[in-house]
Amino acid sequence: MNLEKLQIWSGLLANLGVIAGIIFLAVELEQNSSMMAAQTRTNITSEIIDSMEKEADPLVQESFQKIQAGEPLNSEQLQTMNLFLAQRLRHWENVLYQYNQGLFDDEEFSGVLAFIEVTMNSQFAQELWSQQHPFYSPIFQEFVDGIIEN
């Protein structure tokens, strides 16, 4: 009889240990998800800051002014702006991917989306997109095409 009770209690304690392990694992996974989201946010912020620093370049500023005025760009300005916009497109593709993975929330994404919409509203950006869109993921292609169509 005592051996049976000991086996029952041992089994119960083992089961409680398994349940405690599962709870611990769930807590660890939640903490890991929060950490990944924070790290993603930090990386995206760093990319935005890098882009802003590039935007401060006098050649980029002059090129933006010409685009806004509808003036043609010289070859250096055109190459600079093509690279600048391509960098932004890659950044936005990454942001969309992180958003779709749940690592970038709706509130944060809405600000990026507004910026994408303004940028892709320009004829220059749309012309570049028409040349470069095959080099991006199908999901991102569909996303940007949807913005341009609206």
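Determine whether GLU93 is closer than 30 Å to MET35 by Cβ, in contact (Cβ under 8 Å) with a residue 60 or more places away in the chain and in contact with a Phe, Trp or Tyr (Cβ under 9 Å, 6 or more places away or on another chain).
For GLU93, the condition - closer than 30 Å to MET35 by Cβ, in contact (Cβ under 8 Å) with a residue 60 or more places away in the chain and in contact with a Phe, Trp or Tyr (Cβ under 9 Å, 6 or more places away or on another chain) - is not met.
Does GLN132 satisfy being under 21 Å from the mean Cα position of the chain (by Cα) and modelled with pLDDT of 95 or more?
no
The conditions are (1) loosely packed, with under 11 Cβ neighbours inside 10 Å; (2) over 23 Å from MET35 (Cβ atoms); (3) under 19 Å from the mean Cα position of the chain (by Cα), and MET120 fails exactly one of them. Which is it?
Tallying (1) loosely packed, with under 11 Cβ neighbours inside 10 Å; (2) over 23 Å from MET35 (Cβ atoms); (3) under 19 Å from the mean Cα position of the chain (by Cα), MET120 fails exactly one: (1).
Return the total of residues in region 25-52 being more than 14 Å from PHE104 (Cβ to Cβ), at pLDDT below 70 and of a type outside the set (Val, Ile, Thr).
Looking only at that region, the number is 2.
Condition first: without any contact (Cβ under 8 Å) to a residue 40 or more places away in the chain and polar (S, T, N, Q). Now tell me which residues in region 70-90 satisfy that.
Residues satisfying the conditions are ASN74, SER75, GLN77, GLN79, THR80, GLN87.
How many residues, within region 66-108, are surrounded by 14 or more Cβ atoms within 10 Å (Cβ to Cβ), within 13 Å of PHE124 (Cβ to Cβ) and charged (D, E, K, R)?
2
The values are calculated or read from the model by the stated rules, or taken from the named source; none is laboratory data. Small disclaimer: the values here were computed from a predicted structure and weren't measured. Methodologically, a virtual Cβ is constructed for each residue, glycine included, from the backbone with ideal geometry; neighbour enumeration extends over all protein chains shown.
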